Each structure stands twice: as structure tokens, then as C-alpha cells.
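Take a look at the structure set out below.
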Amino acid sequence: MAEMKLGLFIRPTGHHIASWRHPNAHDDANKNFDRFIEMAQTAERGLFDMLFSADTQTAWTTVGTALNRQHYSTWLEPYTLLASLAPITKHIGLVCTKSTSFEFPYTVARQFATLDLICGGRSGVNIVTTGNGRSAKNYSQEEHKPKPERYEIADEFVDVLLGLWDSWEEDAFIRNKKTSTFFDWDKMHVLNHKGKHFQVEGPLNVPRSPQGRPVIIQAGASEEGRELAAKSADVIFGASQSLEMAQGFYADVKARLARYGREYGDLKILPGLSVTVAETEEEAQASFDVLQDLIHPDHGLAFLSRRVGHDFTQMDPNLPVPELDAVDDLGTRSGQMLNLASQNNWTLRQLYQHFAAARGHMVLVGTPETVVNTMQEWFESDACDGFNIIPSMFPDDFDSFVNLVVPELQRRNLFRKAYEGNTLREHLGLKVPDSRYGTAAERMNQNF
């Protein structure tokens, strides 16, 4: 029986916008490395496939004057964080975001190839184009590049990554002291990439990864994002509000794989999922309501303005959400939020409360049985290959998930009872990718 894949999406105090205000929250987690050690070790105790840290290149993560109410304006830089967690963990995959709009592919290829060697083949990189235009001002750019150009750059960026990670064959390094031969010339490959946005000679100056190459993750739900994921991603993080929406996304992205010579199982789709769980429905709802009541209206309206792309900061939160057009440059989430508000006749307060816990991902509140019932339905109905878990608040909500939901998944044989592999690809059930150059034997056969 197929098993779910589970990722943990870490964020210092949690994903709910008011999480830091909860009495049990570690409100110093934006600077306290020990808090992240705790998260990683709990995730590993829960046998998670990977932990994931998102990133942005600006402290301006909300709009208006509510920035000082936002806990996610400063945090530990994710790549450094993962490298520090590598020797403290043994099994769990280590994934973080890199922006193709502000990085160079050679640097990113080198960083993650190195991390993969440090952690024994457990690294992955989440490729994003960055939707927050304020980031551009930190990289000597007056304006952020338009979305089509950002995706054009991302497509070439990933091609270069893949090429650089094929620089060395697995057995290239002979290390023959008697003949003074450290590596086999025939097993080193110079990329010589000359594209529209990047010119990269290569080879990469890091040996080949224990898992072939680091796992590539993508999170875009737009047309460009889906196509990029189908072409080159191993995992895609999705955001769906309903089973039908998730099934449509799943079917669409999986159907694109064949045009790139890929198989159905070569790409794992993990929608985000926020879970508040307790022994009874009443306890779970009460726990969730505590966080909802902690949202300051100024923060809620500023959060909404940032996500939708329209300024609500001076409006009464009890007013209905006005009829507005989605802002395409912010991604598909803007349209989803406005559509939900229109369908449900929500006020601004109701809309920001709905998205406060997980920013447009599915939210489940209930007992272990009711939570797993929904997870199982999605998993068995071609809506996902597992979930990217987005706890509303650390540590309580994630501890409860590991202590209550994971055992129920295991009882139903939906999730592993022990780690059986060593690499992230093994955890996810992904094949080790072949080098574009093939093995020495394959190249010899091609010459005849």
C-alpha cells in the first residue's frame, strides 16, 4: 500500500499570523537556534520526510504600519540554518528556498551539492521567483522584474543547476596515489552553458551527490509554475482549499509530465495542511479559537492587503469584502482569496481570519480520527501524494500532530513506522536521476 509523504514547513513561532502572541509560543524563535533544533528533532521523531524553510529577501513582509505586529520580519537565514541542523539530525530531509531572481545558479548548485555531502544525501532546494517586489530594492534593482520574465529566468536557472550537478560521474574520483591520478578526465563534464540570462562554464567544483543530485522543489500554482514543475521538479508544494481544487491541480500537473519524458511517480505533490488537533472536537476548536482571537485588526487588514494586492488598511474589518480583480503578479493566491470571499459573502475580518492560520492552505480542526479521515480521502482520491504540514503554532500544534495524528496514520497503514532509507529521494520514493552524460559504458556503446 502506498504511503503518504509528509513535510514540515517550519516558521519561527508558527504559521498563524498571531502565533507569537500565544502564551505557549516560543516568541524568541526568530533568533534562538535551540527552538529549531527542537522542531527538527520532533519532526524526525514523527518520521517526517523533510523539513522545509521558506525565505524572502526583505523584512517588509506586510504593508502599512502593522509591520511591528508581524513576527515574520526577522528570522534565521535558512541555508545556514539547514547546514547547522545537518549534523544534529540523522534521517530527515533538509529543504529551503532560493530565489532565481536574486541568486546565481553556480552558487546555488555549489551550496546544495555541498549540503548534500554534509548530510548524506538529504538536501533539497525550493525554487521560487519571488513575489515580494520589495526584495528587488535589496539587490540594486529599482523595480522587480515582471512575472513572465522571472519565470523565463527560473527555467534557465534550473537547467543550469541540473547541468552543473552532472559535472562529475559517481566514480570520477580515482584517488590513485601511485599514479598521481586524482580523477578520471573522461568522467568530468564541462557545461559551457551560454543562455539568454546566464553564461556558466563549469564544471561544478563539488563532487556528485549521494542521491544523484539534490531534490528540486517548486511551489508555483500559475501556468508558468505548473509547467516548470512538470519539466524539472521532484516535489511541488500546492495550496488547495477543497478536494475538488486539489484533484484538479493534481491531474493537471501530472498530465504534463509525459511531454518531458517523465513518469507519473517522478513528481510528488504535497498541498499545505494546517492541523489543530485534540482528543475532542471541542478542545481542538477552543485551541484554534484562541489564536483567531489574538489577531489584531491592524495586522489582519495589513496581512490581507499584502496577499490580495489591494489596500484595506484604513477600512472597517466588519465591512464586506469589495468586488475586486485579482493581482496576477502576486500569484494565484490573490484570486483564490477574492473568490472565496465572494462565494461566502465574507467580511474583511472573516477573510483575514480564514487565511490567518495557513495563508490559503487547507485548515483542519478536530480529533485525530476526523483529521486523518480527510487526509486519507485526499490521498486516496488523487488529490495529493501527501502533505506539507503547516502548524499554526510551535511547539503545541506540531507536538499534537506528531503525538496524535501520526499514530493514527500508522494505524491505518498510511504512513511509515520507521525510516527505511537514508536519502531524501529514498524517503520520497524518487528514483536516483541518471546523468545527462550517461555512464562510461553507455557512452562507449553510443560511439559504436
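The residue list Ala246, Ala326 contains one member that is part of a loop (DSSP other than H, G, I, E, B) and under 21 Å from Val128 (Cα atoms), which is Ala326.
Looking only at region 47-92, count how many residues are charged (D, E, K, R) and either open to solvent by less than 30 Å² (accessible area, probe 1.4 Å) or under 17 Å from Leu304 (Cβ atoms) (or both). Don't jump to the end; show me each part of the working.
Narrowing region 47-92 to residues charged (D, E, K, R): 49, 55, 69, 77, 90.
Next cut, either open to solvent by less than 30 Å² (accessible area, probe 1.4 Å) or under 17 Å from Leu304 (Cβ atoms) (or both) only: 49, 69.
So the count comes out to 2.
If you scan region 102-120, which residues turn out to be crowded, with 22+ Cβ neighbours inside 10 Å and either in contact (Cβ under 8 Å) with a residue 60 or more places away in the chain or within 18 Å of the chain's Cα centre (by Cα) (or both)? I'd like the intermediate steps shown before the answer.
Residues of region 102-120 crowded, with 22+ Cβ neighbours inside 10 Å: 105, 108-109, 112-113, 115-116, 119.
Passing the criteria: Pro105, Val108, Ala109, Phe112, Ala113, Leu115, Asp116.
For His22, indicate whether it is within 17 Å of Phe401 (Cβ to Cβ), open to solvent by less than 10 Å² (accessible area, probe 1.4 Å) and either touching a residue at least 12 places away in the same chain (Cβ under 8 Å) or touching a Lys or Arg at 6+ places or on another chain (Cβ under 9 Å) (or both). Spelling it out, it is not the case that His22 is within 17 Å of Phe401 (Cβ to Cβ), open to solvent by less than 10 Å² (accessible area, probe 1.4 Å) and either touching a residue at least 12 places away in the same chain (Cβ under 8 Å) or touching a Lys or Arg at 6+ places or on another chain (Cβ under 9 Å) (or both).
Of everything in region 27-46 that's in a helix (DSSP H, G or I) and of a type in the set (Lys, Arg), which residue is least open to solvent (accessible area, probe 1.4 Å)? Of everything passing the filter in region 27-46, Arg35 is least open to solvent (accessible area, probe 1.4 Å). Selection of region 413-432 for residues being surrounded by 15 or more Cβ atoms within 10 Å (Cβ to Cβ), among the basic types (Lys, Arg) and assigned to a loop (DSSP other than H, G, I, E, B) yields only Arg416. The number of residues in region 348-391 that are small (Gly, Ala, Ser), modelled with pLDDT of 95 or more and touching a strand residue (DSSP E or B) at 6+ places or on another chain (Cβ under 9 Å) comes to 3.
Please state which one of Thr13, Thr65 is touching a helix residue (DSSP H, G or I) at 6+ places or on another chain (Cβ under 9 Å), of a type in the set (Ser, Thr, Tyr) and under 30 Å from Arg416 (Cβ atoms).
Values: Thr65 fails: under 30 Å from Arg416 (Cβ atoms).
When all the criteria are applied, what remains is Thr13.
Number of residues in region 379-399 that are touching a residue at least 12 places away in the same chain (Cβ under 8 Å) and either over 20 Å from Tyr250 (Cβ atoms) or open to solvent by 10 Å² or more (accessible area, probe 1.4 Å) (or both) equals 13.
Only residues that are closer than 20 Å to Ile389 by Cα, outside any helix (DSSP H, G or I) and of a type in the set (Phe, Trp, Tyr) were counted in region 273-316, giving 0. For region 121-132, the set of residues classified as in contact with a helix residue (DSSP H, G or I) (Cβ under 8 Å, 6 or more places away or on another chain) and either open to solvent by less than 20 Å² (accessible area, probe 1.4 Å) or in a helix (DSSP H, G or I) (or both) consists of Gly121, Arg122, Ser123, Gly124, Val125, Ile127, Thr129, Thr130, listed by residue number. Residue check: is Gln285 of a type in the set (S, T, N, Q), touching a residue at least 60 places away in the same chain (Cβ under 8 Å) and open to solvent by 60 Å² or more (accessible area, probe 1.4 Å)? Yes.
Consider Ala229 carefully, then state whether it is open to solvent by less than 10 Å² (accessible area, probe 1.4 Å) and in a helix (DSSP H, G or I). Show your work before the answer.
Values: open to solvent by less than 10 Å² (accessible area, probe 1.4 Å): yes; in a helix (DSSP H, G or I): yes.
Spelling it out, Ala229 is indeed open to solvent by less than 10 Å² (accessible area, probe 1.4 Å) and in a helix (DSSP H, G or I).
Of all the residues in region 162-195, those that are in contact with a Phe, Trp or Tyr (Cβ under 8 Å, 6 or more places away or on another chain) and either in a helix (DSSP H, G or I) or within 28 Å of Ser101 (Cβ to Cβ) (or both) number 4.
The values are calculated or read from the model by the stated rules, or taken from the named source; none is laboratory data. In this text the structure is predicted, and so the values were computed from the model without any measurement. Reconstructed Cβ throughout: ideal geometry from the backbone, glycine too, with neighbour counts over all protein chains shown. Keep in mind that these areas ignore ligands, DNA and RNA; they rest on the heavy atoms of the full protein, side chains included. Shrake-Rupley method; radii C 1.70, N 1.55, O 1.52, S 1.80 Å.
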